[in-house]
Amino acid sequence: MTLEVHLDAYLEHLRRERQVSVHTLDGYRRDLGKVQAFCEAEGLSDWAALDTRNLRRLVARLHQQGLSSRSLARLLSATRGLYQYLVREGLCHHDPATGLSPPKRERRLPRTLDADRSAQLLDGAVEDDFIARRDQAMLELFYSSGLRLSELVGLDLDGLDLPAGLVRVRGKGNKVRELPVGRMARQALEQWLALRKLANPGDGAVFISQQGRRLGPRAVQLRVRQAGVRELGQHLHPHMLRHSFASHMLESSQDLRAVQELLGHADIATTQIYTHLDFQHLANVYDQAHPRAKRKGGSE
């Protein structure tokens, strides 16, 4: 059969000329095998007979069957590679995958702590020593102000204005924004900064090691993870605290624009995806806010 002959020739080309790995070759064989099976089922006896409309239909069918967007992207990439080979060999004059893209992936929301679990994490007894006070200040600041990991790691002393309850951070795109710092976070930072001086810090970093060096992202992630295990018995990472901050702010304020500003999102669509509200909460907001959501009894 022409389909199988040309597919085998292409795979042999990948093996001998491109020297792809056995694992990669098996992936191409599986993906292109799906396309071949579709062609055979549709009565298409040659690769040249497959057009964009048919290939789009195959992608839609596989998506409905549960194939992920990532897997579909890989299949389309393999198909483009095959048709580049076929065109080069004079066996075909078009690429049906041109202009096709897989369905967009659903963005998975990170896990969040509810308000009670957040309090459990932050309200425990804190030893009055260098590491404990530093870690408590980091946790409080993450949750108080919704900082990204990179923003906390890059924070310098001149970015803190504790009397005013503000922190100034440099976020994505080198954009600077000012954020409020809550009472408990201010208190934790004041207690930490009193001990920070003992390490003879080498620069103006707010969060440093006992050797006086700025903490890196991995060190902060490790300390947050250890706090999660110790206080909550679960995995915890900085992004979970940022997401918890955003979720709790939105649930309380119902002000999406304000949360967007606090998070430093350029596009409000990012905030809509990043923050999560269950349907019941949305329904309650609608009932309370929309003038025609609830109609008074009686005829009109």
- On the given criteria, is residue 101 open to solvent by 10 Å² or more (accessible area, probe 1.4 Å), among the hydroxyl-bearing types (Ser, Thr, Tyr) and under 21 Å from residue 217 (Cβ atoms)? no
- Of all helices (runs of 4 or more DSSP H) completely enclosed by segment 120-210, which ones contain at least 3 residues that are within 27 Å of the chain's Cα centre (by Cα) and modelled with pLDDT of 95 or more? 130-145
- Message: open to solvent by less than 80 Å² (accessible area, probe 1.4 Å) and more than 13 Å from residue 97 (Cβ to Cβ): which single residue out of 52, 24 fits that description?
- Response: 24
- Query: Any residue in segment 106-127 that is open to solvent by less than 70 Å² (accessible area, probe 1.4 Å) and under 19 Å from residue 196 (Cα atoms)?
  - Reply: yes
- Query: Take the residues of segment 211-233 that are assigned to a loop (DSSP other than H, G, I, E, B) and over 21 Å from residue 147 (Cα atoms): which is nearest to the chain's Cα centre (by Cα)?
  - Reply: 233
- Note on the structure: When segment 155-168 is checked residue by residue, the ones that are open to solvent by less than 50 Å² (accessible area, probe 1.4 Å) and free of Cβ contacts under 8 Å to residues at least 40 places away in the same chain are 162, 165, 167
- Note on the structure: The residue from 245, 207 that alone is aromatic (Phe, Trp, Tyr) and over 21 Å from residue 119 (Cα atoms) is 207
- If we keep just the residues of segment 170-207 that are in contact (Cβ under 8 Å) with a residue 24 or more places away in the chain and among the β-branched types (Val, Ile, Thr), which is surrounded by the most Cβ atoms within 10 Å (Cβ to Cβ)? 206
- Tell me which of these residue 89 doesn't satisfy, since it passes every other one: (1) crowded, with 16+ Cβ neighbours inside 10 Å; (2) at pLDDT 90 or above. (1)
- Quick one: residue 5 ticks every box in (1) surrounded by fewer than 17 Cβ atoms within 10 Å (Cβ to Cβ); (2) closer than 30 Å to residue 232 by Cβ except a single one, so which number is it? (2)
- Message: Being small (Gly, Ala, Ser) and either touching a Pro at 6+ places or on another chain (Cβ under 6 Å) or open to solvent by less than 10 Å² (accessible area, probe 1.4 Å) (or both) is the filter here; which residues of segment 28-49 pass it?
- Response: none
- Identify, by number, the condition in (1) more than 20 Å from residue 13 (Cβ to Cβ); (2) surrounded by 17 or more Cβ atoms within 10 Å (Cβ to Cβ) that residue 96 doesn't meet. (1)
- Query: Inside segment 1-108, counting only helices (runs of 4 or more DSSP H) that do not spill past its ends, which hold 2 or more residues that are in contact with a His (Cβ under 9 Å, 6 or more places away or on another chain)?
  - Reply: 69-88
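The values are calculated or read from the model by the stated rules, or taken from the named source; none is laboratory data. This is a predicted model, so every value here is computed, not measured. Note that we place each Cβ from the backbone using ideal geometry, even for glycine, and neighbour counts take in every protein chain shown. The accessibility values were calculated without ligands, DNA or RNA, using every heavy atom of the protein model including side chains. Shrake-Rupley method; radii C 1.70, N 1.55, O 1.52, S 1.80 Å.
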